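Working notes, beginning with the structure itself.
The values are calculated or read from the model by the stated rules, or taken from the named source; none is laboratory data. The model shown is predicted, which means the values in this text are computed figures rather than measured ones. Counting neighbours? That spans all protein chains shown, and the Cβs are built from the backbone with ideal geometry, glycine included.
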Amino acid sequence: MSRTTALRGPVTVWTVLKWTLAIAIAIVAVFPIWWMFNVVFSQPGEPVSLNPRLWPTSLSAGIDKIRMIFTETGYLGAYFISITYALLTIVGVLLIASLAAFEFSLFKFPGRRIMFGIVMLALMVPTAVTIIPTYLLTSRLGWLNTMQGLVVPGLASAFGLFMLVQFMRAVPKEMIEAARLDGAGHFQIYWHVALPLCSNAMITLAILTFIQTWGNYMWPLIIGTRTEMYTVGQVVGMFNSPLSHHTVDTVMTANLLAAIPPLLFFLIFQRKIVEGIAMSGTKG
Amino acid sequence: MSFRRYLPHYLMIAPFMILFAAFFLYPILSGLFYSFHDWNGVKAPEFVGLGNYDRILVSREFLRAMGNLFFYIAITVPLGIFVALGLALLVDSFTGRWANFFRNAFFMPVVLPAFLAATIWRWIYAPNFGLLNMILGWFGVPSVNFLNDTGSMIYALVAVDIWVSAGFNMVIILAGLKNIPTELYEAARLDGASKMQQITHITIPMLGPVLFFVFTYGLISAMQVFDKPWLLTGSSFTSYGGRRNALLFPVMDMMGRAFGGVKFGEAAAYGFLLTVAIVFVTALMFALRAWSERK
Amino acid sequence: MRTNTTLRAAIAGATLLAAGGAGAAFAQDVTLEYWVYSDFAQGDALAMQQEFIKEFTDAHPGVKVNITGKGDDDLTAGQVAGAASGNLPDVFMNAQHIGAQLVEVGALANIYDKFMALPEDVRNQFDKDALATCMPKPDELYCLPYTGFGSLLFRNLTVLEKAGIDTTTPPTTWDEWFAQMQKVKEAGMFAIPDETLVFNSIGEIYATSGNSQTWGFNWDNHTTRIDEATMTKVLQKFVDMAPLNTGTSRNDQATKDLFISNQLAFHTIGPWVNPTYEEAAKSSGLKYDFVLIPGDTAGKTGGVRSYEIVGVAPGPNEEVAFEFASFITEKTQMARWAKLLSRYNANAAAMADPEVSALPLIRVSVEAAHGAMDLAAPYFVDTMPSCYNSTVIDYASATTDGEYTPAEGAKEMIAELNGCLAQ
């Protein structure tokens, strides 16, 4: 169905219902965010929860708040740390998890089932159990307040492995056999056959990893104790304390600024998410 | 001999498995060790046998948290899937620019920091003059204190949960939808099947594996729910769970015991009790799937 | 050693810099990690903290101080984790009621001897009650009390006038206050937030009848000090207030919004809400003031008090860390600090400084803190179990829900609190 038929086709009850529903849900999804945006662009001291704000009331007040946050807190530095942290994690997770997923999904070798089972089991242990032992280990390695301390302990992502295994199962066995007959080595098959077939799944995982790393709070909090290692989450956390002397619109500004990079990351890659899963899926 | 044959496989999984062993397996095992000890993170662990487990199992908070948890997952997981599936079908029925627009709009809440989502919803839920109560007021519904009325708190959490996660699951299900061969629908249409029949007889069965993945992962993460109820109730390490502990969940209690009470051994024991519950429920899901597939 | 002390005492008379001067003995380079509340690491507050640091490091060549701000729970998590791995900050802030946890994990050094080595007039600058809360035993001192608060009663004057209440004199007794609340309700507005939702606000109302001796813990036999008769009376107050309240907690943004938009008469909370109300007064003409929370009898004050503390970690830097801690808590700094933020603190001498005591928020806060009840005393003895606060909240809520009579609620609450503490 092309767009024109969708718009010009016969207007049935179903079409009306569909559009009403879609628009209503879009409002439910987006309006609260728009509202928050309006709170940022308003004078401080106005009650925020009582009247639905449909439009920003003071552009300059919002800009002042943003400028204040950028100049008085280490927000820009935190952007840098957070983006580096997220990108390094993405590269590491994609590489390490895809190598392992390639093996777990496409080959049989002794210990495969048990190892995969243990990794899956680990997915079910709450982080709260492991955070202190992991922290103590990282600190013994001398990695407190370092980028490797932030990144390395999170690289063996059980979620990433789980997800990529699901996708790599769809890689046709014949293609691997064909490549082997052509004389390709094991690693070459991974690199030249499996990875390209799953490139879209990899992009999906990259986006999910970005969002996950960006939202990670507790780990950076105890690993990066110095201001120069603060992530965006921590800088925002400084505004969010319950007894904060800040007025609420300033707190919201700090929070909203934190949502921008993941939003951009999503908007840039969003087309590839759906296409990605669809393409590699068709082979299964 | 055979080891040499398998060597390339082991080399490829080595980076993952080594990092996994060091940063997940070892901490889990040492957590297990500490769960049998009285340990505050600093002093030498003191063996207490099953003392930690004992204390947790009889504590009122644990029972309350587990009760809340099972009630919560019983609603949020199926409802979440249902909404996500609905959204995916809805988006799928549009084409081109509008499909794109609605997909982006529905996905928007996913990228918000949890704190922001919670703050937004605290305001929406405010009694008397909050957005939701204002809308209800137009229809003559008296004000509901969503976040402090013990009868409504858990539903208020479920709504936030679905608001945030529906877009995420929708994207995965959408991808699954694209995999269904269009010939199936054409054949059904020729047989005179209605739209509803197409959905129940083709779409849902064909989506089975994707829905199972979304369901399982959703279940595992719902059982570890922490930040949304923590923030919605304005919790801190010394006081958490909301009015009358109506939004107390196991991981919240665990974090409180760990950092508020500096009882890391007890928190670890708590974690393993929860792990056992998660493993049990997940295993049950797998068994159910196997059973239904055999049918 | 002795000469050093005498020398110090000799110079110390006046300024803080003098005390710092004696510390110039630290020849080697030392970097102090200094953790403060996030509020203190932003804007003007940060600028002043950096000024203090500069003055201190100028007087102590070779010493560097790194300031880092963290939110409330983040301070605790960071300090507990830091204690576990041996990476503690050298000087840090936290709340009094977290003190016992920090002592338990070895994050706080006993600074009693170092403190006693300070000149007497420096020691005497501290508020006696505040300092006493840092001392679980006569020869143990785990903190220097820093900023603090006593709960205040914020009054929306427009609402009160609309309800026909004379606002010139604040209510002096609970009965008078409660009568005003009822009048406000009759006039169609909200009297007060739901005080049963948050531990601190339950304490604030409890203090209208009880006092520090009937609140907090008996660590000798692990029981609560809450008195059954007093709690019964207080639970009755919650029941009485139930129809008058907003349904939101004192910390909710919605509560502040109701106050700002002239629909809520009273808000009991600490001074941190004042910047919000000040902004509202400027932008929307909010008319409000802050007074003492009235108690059962005239002259008695309700409300709770609590202090933020400055602690020193044990370790090689302990000596210079203490020098720094005593520098920032000394009168000159505390007076400048109080003036900048309009915040009450534990340095009584600084509070008596005419320029400081001229600030209305501080003047009322000093009185409020003196009359208020300690939030969770005694401090630094034993860790409060996580079930404690939630049990108090639970029974207060259940009683207002009508599940218990106040007498039953008080009885059950105390029994369960004792069970919780006995664990």
Residues (free of Cβ contacts under 8 Å to residues at least 60 places away in the same chain, more than 14 Å from chain C (Cβ to nearest Cβ) and surrounded by 17 or more Cβ atoms within 10 Å (Cβ to Cβ)) located in the stretch A:34-48 | A:Asn38, A:Phe41
Of the residues that sit in the stretch B:97-124 and are closer than 11 Å to A:Pro32 by Cβ and aromatic (Phe, Trp, Tyr), which one is farthest from the other protein chains (Cβ to nearest Cβ)?
-> B:Trp121
For helices (runs of 4 or more DSSP H) lying entirely in the stretch B:164-226, having 3 or more residues that are on the phi < 0 side of the Ramachandran plot and under 23 Å from the mean Cα position of the chain (by Cα) picks out B:204-223
Which condition number does C:Asn221 fail, the rest of (1) part of a loop (DSSP other than H, G, I, E, B); (2) farther than 21 Å from C:Ala377 by Cβ being met?
-> (2)
Taking C:Thr68 as the residue in question, decide whether it is closer than 26 Å to C:Trp219 by Cβ, of a type in the set (Val, Ile, Thr), in contact (Cβ under 8 Å) with a residue 12 or more places away in the chain and in the same structural domain as C:Thr332 (by TED's automatic domain parsing).
-> no
Taking the stretch C:299-316 on its own, how many of its residues are buried (at least 22 other Cβ atoms within 10 Å of the Cβ) and either out of contact with any helix residue (DSSP H, G or I) (no Cβ under 7 Å at 6 or more places or on another chain) or not in a strand (DSSP E or B) (or both)?
-> 4
Could you tell me which of the residues A:Val193, A:Val165, A:Val152, A:Val129 is surrounded by 22 or more Cβ atoms within 10 Å (Cβ to Cβ), assigned to a helix (DSSP H, G or I) and among the β-branched types (Val, Ile, Thr)?
-> A:Val129
Identify, please: which residue in the stretch C:329-361 is among the β-branched types (Val, Ile, Thr) and surrounded by 23 or more Cβ atoms within 10 Å (Cβ to Cβ) and is, among those, nearest to the chain's Cα centre (by Cα)?
-> C:Thr329
Would you check if C:Leu152 is within 18 Å of the chain's Cα centre (by Cα) and at negative phi?
-> yes
Tell me which of these C:Ala254 doesn't satisfy, since it passes every other one: (1) without any contact (Cβ under 8 Å) to a residue 12 or more places away in the chain; (2) of a type outside the set (D, E, K, R); (3) surrounded by fewer than 24 Cβ atoms within 10 Å (Cβ to Cβ).
-> (3)
If a residue has to be at the interface with another protein chain (Cβ under 7 Å from one of its Cβ atoms) and among the β-branched types (Val, Ile, Thr) to count, how many in the stretch B:223-269 make the cut?
-> 3
Which one of these is closer than 18 Å to B:Ala166 by Cβ and of a type in the set (S, T, N, Q): B:Thr76, B:Thr95?
-> B:Thr76
Within the group B:Val262, B:Val281, B:Val276, which residue is outside any helix (DSSP H, G or I), of a type outside the set (Asp, Glu) and over 23 Å from A:Gly215 (Cα atoms)?
-> B:Val262
Select from the stretch C:268-293 the residues that are more than 18 Å from C:Asn200 (Cβ to Cβ) and hydrophobic (A, V, I, L, M, F, W, C) and write down the one among them that is modelled with the lowest pLDDT.
-> C:Ala280
Which listed residue is more than 11 Å from every other protein chain (Cβ to nearest Cβ) and either at positive phi or surrounded by 21 or more Cβ atoms within 10 Å (Cβ to Cβ) (or both), from A:Leu221, A:Leu256, A:Leu205 = A:Leu205
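Per-residue answers, yes or no, for (1) part of a helix (DSSP H, G or I); (2) at pLDDT below 95:
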position	(1), (2)
C:Asp39	yes, yes
C:Gly69	no, yes
C:Asp73	yes, yes
C:Gly82	yes, yes
C:Leu88	no, yes
C:Gly99	yes, yes
C:Asp121	yes, yes
C:Leu141	no, no
Restricting attention to the stretch A:61-80, which residues are crowded, with 17+ Cβ neighbours inside 10 Å, in a helix (DSSP H, G or I) and within 14 Å of chain C (Cβ to nearest Cβ)?
-> A:Ala61, A:Lys65, A:Ile69, A:Tyr75, A:Ala78
The one condition C:Ile293 fails out of (1) under 18 Å from A:His246 (Cα atoms); (2) in contact (Cβ under 8 Å) with a residue 24 or more places away in the chain is (1)
Heads up, the helices (runs of 4 or more DSSP H) in the stretch B:9-95 (entirely inside) with at least 3 residues that are surrounded by fewer than 19 Cβ atoms within 10 Å (Cβ to Cβ) and within 14 Å of chain C (Cβ to nearest Cβ) are B:51-58
Within the stretch B:270-295, residues free of Cβ contacts under 8 Å to residues at least 24 places away in the same chain, facing another protein chain (nearest Cβ under 10 Å) and of a type in the set (Ser, Thr, Tyr) come out as B:Thr275
Taking C:Gly409 as the residue in question, decide whether it is more than 13 Å from every other protein chain (Cβ to nearest Cβ) and either at negative phi or touching a helix residue (DSSP H, G or I) at 6+ places or on another chain (Cβ under 7 Å) (or both).
-> no
Only residues that are in contact with a Lys or Arg (Cβ under 6 Å, 6 or more places away or on another chain) and assigned to a loop (DSSP other than H, G, I, E, B): list them for the stretch C:325-383, please.
-> C:Ala372
Considering only the stretch C:244-303, how many residues are small (Gly, Ala, Ser), over 19 Å from the mean Cα position of the chain (by Cα), more than 19 Å from C:Thr167 (Cα to Cα) and more than 10 Å from chain A (Cβ to nearest Cβ)?
-> 1
Scan of the stretch B:204-223 for residues that are closer than 12 Å to B:Val77 by Cβ and without any contact (Cβ under 8 Å) to a residue 24 or more places away in the chain, ordered by number = B:Tyr217, B:Ser221
